[in-house]
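A.B. asks: My questions will all concern the structure given below.
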Amino acid sequence: MSELSDKVQQDLVEAIDNDDLVLPTLPEVALQIRRAAEDPEISVATLSKVIGRDTALSARLIKVVNSPLLRATQEVTDLHTAITRLGVNYSSNLAIGLVMEQIFHARSEVVEQKMRDVWRKSLEIAGISYALCRSHTQLKPDQAALGGLVHQIGVLPILTYAEDHYELLSDPVSLNHVIEHIHPLLGDKLLSVWEFPEMLVKLPGQYLDFKRQSERVDYVDLVQIATLHCYKDTDHPLAQIDISSLPAFKQLKIDPNNLSLCADLEDARSMFY
């Protein structure tokens, strides 16, 4: 590790420990959706009004409902029908996850591109996590997708820090090293501050632990396998890991040579675009 990345890593860890690091806040529309969804009596019409205040988010939800994995015989063209099709809780979790895109913005072009890359990969992993969950577990696909959307959320504060420290921004090797080592810790911190569901709060810090053994299949297992599937056949270091040998893969009890499954997972990559 270079002296620069070592120093930055120490500074960030110290700032985290002292609660001095400025963390991004959950978008206001996400807070509104969460508050609305906490009402057990909420109607589809009421949730439609809350989500409908964000036209881009509404369009994304409608697009998800019409994706190959969820598409019905008749195309959905309005938000009310989309929420009716998905259900209130399901729609709320997906909307909260998708609205995260609003905080993936930066002042500098270099950081903006890095954030775009992280968000694009998160969308792909969310789609694959959703498909795996729906086909091979009794867990909730909307929670699996939400886990995929936020598993790298800890990268954001690091990139924001880099914008104010040009020496780090101009050294991509050190920046990538810091991201790799710090983002899981920051991700856990952020999801805890944002009061995310308990089953997701520790996901950023655990999804890269390839020796991890869960008592039963969970959302960390799903995001881990989705991540490795996403990087297969690339030159990324994660492409060198044999998925079939992992405890998480064995929990899912799926056949790595199942061509139909592979095709479904590839379709799922673009589910949330």
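The values are calculated or read from the model by the stated rules, or taken from the named source; none is laboratory data. The model shown is predicted, which means the values in this text are computed figures rather than measured ones. Don't worry about glycine lacking a Cβ; one is built from the backbone with ideal geometry, like all the others, and counts go over all protein chains shown. Accessible surface areas use protein heavy atoms only, side chains included; no ligands, DNA or RNA. Shrake-Rupley method; radii C 1.70, N 1.55, O 1.52, S 1.80 Å.
A.B. asks: Could you please find all residues in the stretch 15-27 being over 17 Å from Leu159 (Cα atoms) and open to solvent by 100 Å² or more (accessible area, probe 1.4 Å)?
C.D. replies: Matches in the stretch 15-27: Asp17, Asp19.
A.B. asks: Assess whether Leu186 counts as being within 15 Å of the chain's Cα centre (by Cα) and assigned to a helix (DSSP H, G or I).
C.D. replies: Details: within 15 Å of the chain's Cα centre (by Cα): yes; assigned to a helix (DSSP H, G or I): yes.
Spelling it out, Leu186 is indeed within 15 Å of the chain's Cα centre (by Cα) and assigned to a helix (DSSP H, G or I).
A.B. asks: Within the stretch 59-73, track down each residue that is within 19 Å of the chain's Cα centre (by Cα) and not aliphatic (A, V, I, L, M).
C.D. replies: Result: Arg60, Lys63, Ser67.
A.B. asks: Moving on to the next point. Filter the stretch 28-58 down to residues that are among the hydrophobic types (A, V, I, L, M, F, W, C) and loosely packed, with under 14 Cβ neighbours inside 10 Å, then give me how many there are.
C.D. replies: Of all residues in the stretch 28-58, those among the hydrophobic types (A, V, I, L, M, F, W, C) come to 29-31, 33, 36-37, 42, 44-45, 47, 50-51, 56-57.
Now restrict to residues that are loosely packed, with under 14 Cβ neighbours inside 10 Å: 45, 56.
The total comes to 2.
A.B. asks: Out of all the residues in the stretch 4-15, is one or more part of a loop (DSSP other than H, G, I, E, B), acidic (Asp, Glu) and over 20 Å from Trp194 (Cβ atoms)?
C.D. replies: Applying the first criterion (part of a loop (DSSP other than H, G, I, E, B)) to the stretch 4-15 yields none.
There is no residue in the stretch 4-15 that is part of a loop (DSSP other than H, G, I, E, B), acidic (Asp, Glu) and over 20 Å from Trp194 (Cβ atoms).
A.B. asks: Now for a separate question. Which of the numbered conditions does Val64 fail, given that it passes all the others? Conditions: (1) assigned to a helix (DSSP H, G or I); (2) more than 25 Å from Tyr231 (Cβ to Cβ).
C.D. replies: For Val64, the failing item is (2).
A.B. asks: Looking only at the stretch 221-252, filter to residues that are open to solvent by 60 Å² or more (accessible area, probe 1.4 Å) and not in a loop (DSSP other than H, G, I, E, B); which one of those is nearest to Asp264 (Cα to Cα)?
C.D. replies: Lys250
A.B. asks: If I filter the stretch 206-217 for residues that are in a helix (DSSP H, G or I) and more than 24 Å from Leu70 (Cβ to Cβ), do I get at least one hit? Walk me through how you get there before you give the answer.
C.D. replies: We begin by selecting, within the stretch 206-217, every residue in a helix (DSSP H, G or I); these are 206.
Going one step further and asking which of them are more than 24 Å from Leu70 (Cβ to Cβ), we end up with 206.
Yes; the residues of the stretch 206-217 include at least one that is in a helix (DSSP H, G or I) and more than 24 Å from Leu70 (Cβ to Cβ).
A.B. asks: Does Thr73 satisfy the condition of being part of a helix (DSSP H, G or I) and either open to solvent by 20 Å² or more (accessible area, probe 1.4 Å) or modelled with pLDDT of 90 or more (or both)? Explain how you work it out, then say what you get.
C.D. replies: Details: part of a helix (DSSP H, G or I): no; either open to solvent by 20 Å² or more (accessible area, probe 1.4 Å) or modelled with pLDDT of 90 or more (or both): yes.
Here the answer is no, as Thr73 does not meet what is asked.
A.B. asks: What is the number of the single condition among (1) hydroxyl-bearing (Ser, Thr, Tyr); (2) part of a helix (DSSP H, G or I); (3) under 24 Å from the mean Cα position of the chain (by Cα) that Thr46 does not meet?
C.D. replies: Only one criterion is unmet by Thr46, namely (3).
A.B. asks: Considering only the stretch 198-220, I want to know if a residue exists there that is open to solvent by less than 40 Å² (accessible area, probe 1.4 Å), at pLDDT 95 or above and touching a Cys at 6+ places or on another chain (Cβ under 7 Å).
C.D. replies: No, the conditions are met nowhere in the stretch 198-220.
Each row is one residue, and each column tells you yes or no for (1) touching a residue at least 24 places away in the same chain (Cβ under 8 Å); (2) out of contact with any helix residue (DSSP H, G or I) (no Cβ under 8 Å at 6 or more places or on another chain).
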| site | (1), (2) |
| --- | --- |
| Val193 | yes, yes |
| Lys202 | no, no |
| Phe210 | yes, no |
| Gln224 | yes, no |
| His229 | yes, no |
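A.B. asks: Of everything in the stretch 107-151, what is in a loop (DSSP other than H, G, I, E, B) and either open to solvent by less than 30 Å² (accessible area, probe 1.4 Å) or in contact (Cβ under 8 Å) with a residue 60 or more places away in the chain (or both)? Give them in sequence order.
C.D. replies: Looking only at the stretch 107-151, we keep the residues that are in a loop (DSSP other than H, G, I, E, B), and these are 107-108, 137-140, 151.
Passing the criteria: Ser108, Thr137, Leu139, His151.
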